[in-house]
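No lab work stands behind these numbers, since they all come straight from the coordinates. Small disclaimer: the values here were computed from a predicted structure and weren't measured. For neighbour counting, all protein chains shown are included, and Cβ atoms are generated from backbone atoms with ideal geometry for every residue, glycine included.
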Amino acid sequence: MTTKIFFLHGFFASGCCMPAQALKQAFAGKAEVLTPDLPLHPRESLAFITNLCEREHPNVLVGNSNGSFLGQIVASRLGIPALLGNPHFEMTCFLSERIGAHEYKSPRADGQQHFVINQPLINEFVDIQAHQWDNCRPEMIDHIWGLFGENDHLAHFEPLFLQHYTHAYHFPGAHTPTAEEVREYYVPLVEKLYTTTL
């Protein structure tokens, strides 16, 4: 059976962002890495991730930032091991500081590169953020891991993560890992996570 890894990108990124591509390259010939574009709106995104997981049965979820925020919710709900890279558990604060028109930092498959952060979008995150830990359960405590950049100046949620889970790791990077950091720090942890949760 083919090992499947589902990568969940950050809010400004897409499925072809550099960390996604680095993960694909690192696991070429060893595992199938799914890196789709996630919808902008969080409820739609959670439904999309859930449906894909139920169809593809990934062995591990790997996230970055908003992808880790969403990934924790789905992983705990469905019982899927996950590596949460620099999870941003307070997306409402992140978005409130960035109201206005923006452009994705990497191309999206549908060609839509522009989007708007507004109050209705932020409001969608409010309820999801408030209930993000609802599905945490004891059997998943050791199966959802956090990976935190020591130079991440955007998300500082390791203490909050450790209120719910036990495995926290560090790498000497910023909020978005470089290709080299993905290979050096993410890949070994994904492999270890997969083998220890079989």
* Sole exception among (1) touching a helix residue (DSSP H, G or I) at 6+ places or on another chain (Cβ under 9 Å); (2) within 23 Å of His153 (Cα to Cα) for Cys17, by number -> (1)
* Test Val126 against the stated conditions and say whether it is farther than 30 Å from Glu181 by Cα, among the aliphatic types (A, V, I, L, M) and touching a strand residue (DSSP E or B) at 6+ places or on another chain (Cβ under 8 Å). => no
* Number of positions in the stretch 158-188 that are touching a residue at least 40 places away in the same chain (Cβ under 8 Å), buried (at least 19 other Cβ atoms within 10 Å of the Cβ) and within 22 Å of Arg137 (Cβ to Cβ) -> 1
* **Any hit, the stretch 56-74, residues being in contact (Cβ under 8 Å) with a residue 12 or more places away in the chain, aromatic (Phe, Trp, Tyr), closer than 25 Å to Thr196 by Cβ and touching a His at 6+ places or on another chain (Cβ under 7 Å)** => yes
* Structure fact -> Flagged in the stretch 6-49 as more than 23 Å from Phe125 (Cβ to Cβ) and small (Gly, Ala, Ser), in numbering order, are Ala22, Ala26, Ala28, Gly29, Ala31
* Asked: Which one of Leu46, Leu40, Leu23 is in contact with a strand residue (DSSP E or B) (Cβ under 9 Å, 6 or more places away or on another chain), touching a residue at least 24 places away in the same chain (Cβ under 8 Å), surrounded by 15 or more Cβ atoms within 10 Å (Cβ to Cβ) and over 19 Å from Ala174 (Cα atoms)?
  -> Leu40
* Asked: Do we find that Thr2 is out of contact with any helix residue (DSSP H, G or I) (no Cβ under 9 Å at 6 or more places or on another chain) and either in contact (Cβ under 8 Å) with a residue 12 or more places away in the chain or surrounded by fewer than 16 Cβ atoms within 10 Å (Cβ to Cβ) (or both) in this structure?
  -> yes
* Structure fact -> Of the residues in the stretch 114-128 that are without any contact (Cβ under 8 Å) to a residue 60 or more places away in the chain and within 20 Å of the chain's Cα centre (by Cα), the one that is farthest from Arg43 (Cα to Cα) is Ile117
* To do: Would you be able to tell me the number of residues in the stretch 8-42 that are of a type in the set (S, T, N, Q) and farther than 16 Å from Leu52 by Cβ?
  => 2
* Asked: Would you pick out the residues in the stretch 67-110 that are loosely packed, with under 14 Cβ neighbours inside 10 Å and of a type in the set (Lys, Arg)?
  -> Arg98
* Structure fact -> Residues in the stretch 1-22 that are under 13 Å from the mean Cα position of the chain (by Cα) and closer than 29 Å to His114 by Cβ total 13
* Only one of (1) in contact with a strand residue (DSSP E or B) (Cβ under 9 Å, 6 or more places away or on another chain); (2) surrounded by fewer than 20 Cβ atoms within 10 Å (Cβ to Cβ); (3) not polar (S, T, N, Q) fails for Ala155. Which number is that? -> (2)
